[in-house]
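Engineer: Sharing a structure with you now.
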Amino acid sequence: SFKAALSRRSVAIGLATALLVISGHFAGFTFIRPFLEEVPRLDASTVSLALLVFGFGGFLGNFAGGAIAERSPAWAVASASLLIAGVTLALSVFGTIAGVAFTAIALWGFAFGAFPVSISIWNARAAPDHAESAGALLSSVFQVAIAMGAVLGGLIIDISGSEGVIVYVIFSALAGASVMFIFGRAEERSN
């Protein structure tokens, strides 16, 4: 069943997208506190509030991602990925402005909340006759990507600081969005 699920192009597209976006997200999110303390120079209580807003944004993103994915899972996954890339780009360019950093963190939470719901719906539709195997593969890719992101984030922060980690998020989320916009949308239209 795993082999049958992996042989589907749409499953491979979803797994590649998940690996890219999740590794970037966890590289950045693992080290978001140092970034918020060093770049916009937020104090500990404001960082805590920003993380609370991230979580609330994620809660709302779950609903939005599900609603959009109901119509087009590829669009939902790609849009969530692109939003992660966009808000981390805003953090990279304008992160010294506390209001921008705070807003970007909230939107990042929203986008990341939409992503797992959307990619799960994409994956379930990619292999409806092997949904359990496709789901197990996606769960495994999530775990590998979380570990990979945390390790890469640690290496990057040691080399180029917290701003370097945010740059990695931009590129990995943009790569994931590109995979889904280009290949996922084409696959979705062909079905």
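Engineer: Between F94 and A186, what FRET efficiency comes out of the Förster formula 1/(1 + (r/R0)^6) with R0 = 30 Å and r the beta carbon distance, rounded to 0.05?
Structural biologist: 0.30
Engineer: If packing is taken as the mean number of other Cβ atoms within 10 Å per residue, what is the order of 56-63, 106-113, 87-94, highest first?
Structural biologist: 106-113, 87-94, 56-63
Engineer: Before I look further, what does region 31-165 give for accessible area per residue, probe 1.4 Å, in whole square angstrom?
Structural biologist: Value returned for region 31-165: 46 Å² of accessible area per residue.
Engineer: Separation between the A136 and I159 pseudo-spin-labels, each 7 Å from Cα along Cα→Cβ, expressed in nm?
Structural biologist: Output for this residue pair reads 3.6 nm.
Engineer: Read phi for every residue in region 175-191 and hand back ³J(HN,Hα) as whole Hz from Karplus 6.51 cos²θ - 1.76 cosθ + 1.60, θ = phi - 60°, with x for Gly and Pro.
Structural biologist: 3J(HN,Hα) across region 175-191, in whole Hz: 5, x, 4, 5, 4, 6, 5, 7, 8, x, 4, 5, 5, 5, 5, 6, 8.
Engineer: When the helix-only estimate is applied to the chain (DSSP H runs of n ≥ 4, each -39,500 (n - 2.57), divided by the residue count), what is the mean residue ellipticity at 222 nm, nearest 500 deg cm²/dmol?
Structural biologist: The helix-only estimate for the chain comes to -30500 deg cm²/dmol at 222 nm.
Engineer: Applying the Karplus parametrisation 6.51 cos²θ - 1.76 cosθ + 1.60 with θ = phi - 60° to the phi angles of region 8-21, what ³J(HN,Hα) value in whole Hz is obtained for each residue in order, glycine and proline being reported as x?
Structural biologist: Values, residue by residue: 7, 4, 5, 5, 4, 4, x, 5, 5, 4, 4, 4, 5, 5 Hz.
Engineer: OK, next. Percent of accessible area on the chain owned by carbon and sulfur, 1.4 Å probe?
Structural biologist: The nonpolar share, carbon plus sulfur, comes to 69 percent.
Engineer: Also, quick follow-up: By its C-alpha gyration tensor, with a ≥ b ≥ c as the square roots of the eigenvalues, how is the chain shaped: rounded for a/c under 1.5, else prolate for a/b larger than b/c, else oblate?
Structural biologist: prolate
Engineer: Considering amide H positions built from the backbone, and no H for Pro or chain starts, which residues 5 or more places from L42, or on another chain, come under 5 Å of its amide H?
Structural biologist: Residues meeting the amide H criterion: E37.
Engineer: Quick one: helix 73-94 against the long Cα principal axis of the chain, what's the angle to the nearest 10°, folded into 0 to 90?
Structural biologist: On a 0 to 90 degree scale, this one is about 20.
Engineer: If each residue of separation counts as 0.36 nm, what is the full-extension length gain between L60 and R41 once their alpha-carbon separation is subtracted?
Structural biologist: Length difference between fully extended and current span is 4.1 nm.
The values are calculated or read from the model by the stated rules, or taken from the named source; none is laboratory data. Since we're looking at a predicted model, the values are computed, not measured. Methodologically, a virtual Cβ is constructed for each residue, glycine included, from the backbone with ideal geometry; neighbour enumeration extends over all protein chains shown. Protein only, heavy atoms only, side chains kept; ligands, DNA and RNA dropped before computing areas. Shrake-Rupley method; radii C 1.70, N 1.55, O 1.52, S 1.80 Å.
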